[in-house]
Every structure is written in C-alpha cells, then in structure tokens.
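S.K.: Structure below; questions to follow.
Read-outs: derived from the displayed coordinates by stated rules, not from any lab. Please read all numbers here as calculations on a predicted model, not as lab measurements. Cβ placement follows ideal geometry from the backbone for every residue including glycine, while neighbour counts extend to all protein chains displayed.
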Amino acid sequence: MDDITQELRDSAALKVQVAETQGEIIQAMVECMWESLQQGGKLLWCGNGGSAADAQHLATECMVRLEVDREPLPAIALTTDTSLLTAAGNDHGFETIFARQVAGLGRSGDVLVAISTSGNSPNVVRAVEEAHRCGLSTLGLLGRDGGRLKEIVHLALIVPSSSTQRIQEVHITVGHILCGALERRVLKSALALPAREQKESARTWKAC
C-alpha cells in the first residue's frame with residue numbers, strides 16, 4: 001500500500017507545483033484557443049503514444065462535451081486516421097505524419113497543440129514548424145526540460161519531471177482545464193460561424 005500512496009502523492013504534488021508556477025501559461029493558452037475559435041478557427045492536436053491518446057481524448061472533449069451539452073468546439077486529432085498515418089509514414093517518413101496534415105488542414109488563425117513528454121519528438125517538431133509556415137499559433141504540452149519544442153512553440157507548459165507517466169498525468173489534467181474553460185466560455189458566447197449558419201448561432205445544440 002505504501003508504494004500506491006506514494007505514487008498518488010507524487011502525482012498530486014507535481015500538479016500542485018504546476019498550478020503554482022504555470023497557472024498564467026495555462027490561462028494564456030485558454031485565451032489563445034478562445035481567440036482562434038471566436039474567429040472561426042479550429043484546434044489541431046498531435047502527439048505520439050500516450051500523447052496521441054491524449055490528443056484524441058481532448059479533441060473529443062472539445063467536439064462532444066466535457067460536462068454539459070453545448071455547441072461543438074472545432075477540433076481535430078491528427079493521430080486517428082490510420083490510412084493517412086501509414087501512407088505518409090511509408091511514403092515520406094514517420095517524421096512527416098503530422099506536418100502533412102497541418103499543411104492540408106491548417107489555416108492561418110488555427111491553433112496546433114503539440115503534446116510531447118520529451119519535447120523532442122521529431123514528427124511533432126516538424127508539425128510545429130509546418131504550423132508556423134501556415135500561420136497557426138502553437139501551444140506545447142511538454143515535459144522534462146521542454147526539449148526542442150520549448151524553443152519553437154508560442155506558448156509552452158513544461159512539466160518539470162523525468163517520469164513519463166507523471167508528465168502525462170499533468171498533461172491530461174491541464175487538457176481538461178483547457179477544455180473546461182472553453183466550454184464555460186462558449187456557453188456564454190456563441191462561436192463565429194459561416195454566414196449560412198449565422199442565423200442559428202444562438203441556438204443550443206441538441207442531438208437529433
């Protein structure tokens with residue numbers, strides 16, 4: 001039991017440390033995301049392994065719901081299309097699998113959320129570089145010393161730990177905080193919609 005209790009304490013302590021030292025960064029990320037969504041932009045999420053799971057988890061929270069029914073927050077996980085991922089990996093190299101999607105789906109004003117526990121994942125670095133070429137804002141959920149990504153994203157939250165699982169636990173918590181903040185805002189202020197949809201912008205979305 002002692003090891004179980006210690007692991008939970010370590011996880012909680014790291015989250016408290018991040019709350020006390022990086023709360024302003026999380027708030028700045030919320031503002032960046034919200035500004036993009038208000039202008040008709042979308043959120044793109046990417047990462048590898050557990051971070052890939054976080055990317056699709058959080059994109060889903062945006063598109064469906066976190067706690068309450070509301071209109072969808074436009075978000076795409078770049079980690080889910082196996083045909084695309086394997087084709088890009090086979091034809092152009094695994095380091096291109098996210099950058100290719102950013103080039104095709106990203107638009108100026110969108111936001112790319114890059115998740116990497118090391119901060120050095122080559123395919124995530126390439127995605128951020130492509131995002132800059134396309135005019136996207138870039139946010140990093142990182143770990144350890146932040147790696148290469150710390151130097152190239154617009155905003156970086158760096159979990160100060162060498163434990164991959166502890167870093168991931170903070171990342172998903174921060175991701176839920178981001179989604180929750182956006183959810184609360186969209187309940188108060190509808191998002192910008194294409195002209196053909198503006199007449200319905202004030203309605204509450206409900207399943208058919």
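S.K.: Going by the structure shown, is S121 touching a residue at least 24 places away in the same chain (Cβ under 8 Å) and over 25 Å from L37 (Cβ atoms)?
M.R.: Judged against the criteria, S121 is a match.
Let's see how each residue does on (1) among the hydrophobic types (A, V, I, L, M, F, W, C); (2) without any contact (Cβ under 8 Å) to a residue 40 or more places away in the chain; (3) in contact with a Leu (Cβ under 6 Å, 6 or more places away or on another chain); (4) surrounded by fewer than 20 Cβ atoms within 10 Å (Cβ to Cβ):
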position: E20; (1), (2), (3), (4): no, yes, no, yes
position: G41; (1), (2), (3), (4): no, no, no, no
position: S51; (1), (2), (3), (4): no, no, no, no
position: D69; (1), (2), (3), (4): no, no, no, yes
position: T82; (1), (2), (3), (4): no, yes, no, yes
position: F94; (1), (2), (3), (4): yes, yes, no, yes
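Yes/no matrix, rows are residues, columns are (1) within 22 Å of Q27 (Cβ to Cβ); (2) out of contact with any Pro (no Cβ under 8 Å at 6 or more places or on another chain); (3) crowded, with 22+ Cβ neighbours inside 10 Å:
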residue: A88; (1), (2), (3): no, yes, no
residue: S121; (1), (2), (3): no, yes, yes
residue: L139; (1), (2), (3): yes, yes, yes
residue: L149; (1), (2), (3): yes, yes, yes
residue: T173; (1), (2), (3): yes, yes, no
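S.K.: Determine whether G140 is free of Cβ contacts under 8 Å to residues at least 40 places away in the same chain and under 25 Å from W34 (Cβ atoms).
M.R.: Yes; evaluated as a whole, the condition is true for this residue.
S.K.: May I pose another question? Restricting to region 22-39, give me the number of residues that are outside any helix (DSSP H, G or I) and either without any contact (Cβ under 8 Å) to a residue 24 or more places away in the chain or touching an Asp or Glu at 6+ places or on another chain (Cβ under 9 Å) (or both).
M.R.: Number satisfying all stated conditions: 0.
S.K.: Checking A114 against (1) small (G, A, S); (2) out of contact with any Phe, Trp or Tyr (no Cβ under 9 Å at 6 or more places or on another chain); (3) in contact (Cβ under 8 Å) with a residue 60 or more places away in the chain, which single condition isn't satisfied?
M.R.: The number of the failed condition is (2).
S.K.: Output the number of residues of region 63-93 satisfying the condition of being assigned to a helix (DSSP H, G or I) and out of contact with any helix residue (DSSP H, G or I) (no Cβ under 6 Å at 6 or more places or on another chain).
M.R.: Matching residues across region 63-93 total 11.
For every residue, the table says whether it meets (1) surrounded by fewer than 20 Cβ atoms within 10 Å (Cβ to Cβ); (2) charged (D, E, K, R).
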{"position": "V102", "(1), (2)": "no, no"}
{"position": "V111", "(1), (2)": "no, no"}
{"position": "T117", "(1), (2)": "no, no"}
{"position": "A131", "(1), (2)": "no, no"}
{"position": "I152", "(1), (2)": "yes, no"}
{"position": "I167", "(1), (2)": "no, no"}
{"position": "G180", "(1), (2)": "yes, no"}
{"position": "R184", "(1), (2)": "yes, yes"}
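S.K.: Answer yes or no as to whether R9 is of a type in the set (D, E, K, R) and either touching a helix residue (DSSP H, G or I) at 6+ places or on another chain (Cβ under 6 Å) or in a loop (DSSP other than H, G, I, E, B) (or both).
M.R.: Here the answer is no, as R9 does not meet what is asked.
S.K.: Now, a different point. Please work out if V102 is in a helix (DSSP H, G or I) and in contact with a Gly (Cβ under 9 Å, 6 or more places away or on another chain).
M.R.: no
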